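Below is one structure, written out as structure tokens, with a few remarks after it.
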């Protein structure tokens, strides 16, 4: 499937315009074809080459992908480098930006996808590292049907955003869609006790979720660049098939209302 790429700059209350990178599938001869949408959240480096390639892979399977630039309050949409200064700057902005600012980005990204005439209105979310946490928080929005969170940082320590005091784990019960949580067992950003806490909380809150810990994988093992020597192509491919299974089942199928839930009436 071919892809068309564009972007839109969306004003925010938090400050600056959020650049939303759009990766749109196309089918020759069907200009009115409709597709589900997926919000892809980036690492602390904004929308880098690896993040854009990840978005293209998803779009190539028939999803309109929207990838927001996270640090519009502080800088332009250009990515940070995978080096010491880039890492330091990304980590600084990660805890300078407010949680409300992150949530506004997720809301605006989701709303933009739904507004597109070529979108079916079925929306999922995914992301890696910081983006894994943001995909989790995006799933707090009842419009999100499913989310795949790759090695999501700071959930266990509730340390996202200004003052390092997010409520992500406390609000787990607000998630209505299905989650897939993926970690490497060698991830030193989310230690075993942190992963255990997340898993235990999701169980206690009755969330529908899948859980996968890769035996020898480190943090950021799906990032397809070699500056830190963590990329594992084979495991990345397996995890991508898990992503396609979840999105295919929850975004492409007309499942009707969830058991026990009353359909929302379209009345004034």
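Computed from the coordinates by the stated procedures, all read-outs in this text should not be read as laboratory data. Here the structure is a predicted model, which means the values were calculated and not measured. Glycine also receives a Cβ, built like all others from the backbone with ideal geometry; neighbour counts cover every protein chain displayed.
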Checklist line | Of all residues making up the stretch 208-231, the number that are out of contact with any strand residue (DSSP E or B) (no Cβ under 6 Å at 6 or more places or on another chain) and surrounded by fewer than 19 Cβ atoms within 10 Å (Cβ to Cβ) | finding: 10
Notebook entry, point to check: Restricting the search to the stretch 39-93, which residues are within 30 Å of residue 248 (Cβ to Cβ) and free of Cβ contacts under 8 Å to residues at least 24 places away in the same chain?
Noted result: none
Notebook entry, point to check: Which residue, of 100, 106, 55, is part of a helix (DSSP H, G or I), crowded, with 21+ Cβ neighbours inside 10 Å and out of contact with any helix residue (DSSP H, G or I) (no Cβ under 6 Å at 6 or more places or on another chain)?
Noted result: 55
Checklist line | Matching residues in the stretch 21-45 - criterion: being touching a helix residue (DSSP H, G or I) at 6+ places or on another chain (Cβ under 6 Å) and closer than 18 Å to residue 123 by Cα | finding: 23, 25, 36, 37, 38, 39, 40, 41, 42
Check: What do you reckon, is residue 3 surrounded by fewer than 20 Cβ atoms within 10 Å (Cβ to Cβ), in contact with a helix residue (DSSP H, G or I) (Cβ under 7 Å, 6 or more places away or on another chain) and on the phi < 0 side of the Ramachandran plot?
Finding: yes
Notebook entry, point to check: For the stretch 1-21, what are the residues that are part of a strand (DSSP E or B) and within 20 Å of residue 248 (Cα to Cα)?
Noted result: 2, 3
Next item on the list: Just one of (1) surrounded by fewer than 23 Cβ atoms within 10 Å (Cβ to Cβ); (2) within 20 Å of residue 126 (Cα to Cα) trips up residue 73, so point out which.
Entry: (2)
